[in-house]
1. In a GNM of the chain with a 10 Å cut-off on Cα contacts, which of S77, S68, S102 has the highest mean-square fluctuation?
2. Considering amide H positions built from the backbone, and no H for Pro or chain starts, which residues 5 or more places from F94, or on another chain, come under 5 Å of its amide H?
3. Looking at the square roots a ≥ b ≥ c of the eigenvalues of the Cα gyration tensor of the stretch 59-107, which shape do they give, rounded for a/c under 1.5, prolate if a/b is larger than b/c, or oblate?
4. Find the relative contact order for the chain and round it to a whole percent, using C-alpha pairs within less than 8 Å whose residues are 6+ positions apart.
5. Once the other residues with Cβ under 15 Å from the Cβ of A99 are scored (Lys, Arg +1; Asp, Glu -1), what is the net sum?
6. Only helical DSSP H runs with n ≥ 4 go in: add -39500 (n - 2.57) per run for the chain, normalise by residue count and round the 222 nm mean residue ellipticity to 500 deg cm²/dmol.
Amino acid sequence: MNINKLQLRNEFLSDIKGIIETAKVNAIRSVDFQRVMMYWKMGERIVVEEQQGKARAEYGSYLLRSLSEELLPDYGSGFSVRTLEQCRQFYRTFPIANALRSQFNWYQYRLLIQIDDADKREYYEQITC
């Protein structure tokens, strides 16, 4: 029997484990929200580049295809043309970055941007929180 080993109280051990688990969950949420912000900022930048000061982008722009071709070798399949289109739509749907909810991840925002009706989208945002 090891006399140097202290018998820990269950409450104390449970508290320490709770602190660790909470930190893990918060770290994952933080990473998820940083990913959401990355996609929002990419969408903003894409819209600005496409429009170049005009009210609407030029028809037939190959910006997204060219951008995807440049990003894929360095960053992988997460930067397909489809994902870049979603970034652009995300920015257009949620143009105010401060209004983004940190509890939503990219998957949830992708689902929300598919809802064309703003009232329905807001309803789903509210019931999700």
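The numbers here are math on the coordinates, done by the rules we state, and not lab data. What you see is a predicted model; the values in this text were computed from it and never measured. Positions of Cβ are backbone-derived with ideal geometry, glycine not excepted, and every protein chain shown enters the neighbour counts.
1. Maximum fluctuation in the GNM of the chain, among the listed residues, is at S77.
2. When sequence neighbours closer than 5 places are left aside, there are no close amide H contacts.
3. The shape class here is oblate.
4. Numbers: 73 pairs, mean separation 37.4, N = 129.
Dividing the mean separation by the residue count of the chain yields 29 percent.
5. Details: positive: K41, R92, R101, R121; negative: E44, E122, E125.
Residues close to A99 contribute a combined charge of +1.
6. Estimated from H runs of four or more residues: -22500 deg cm²/dmol.
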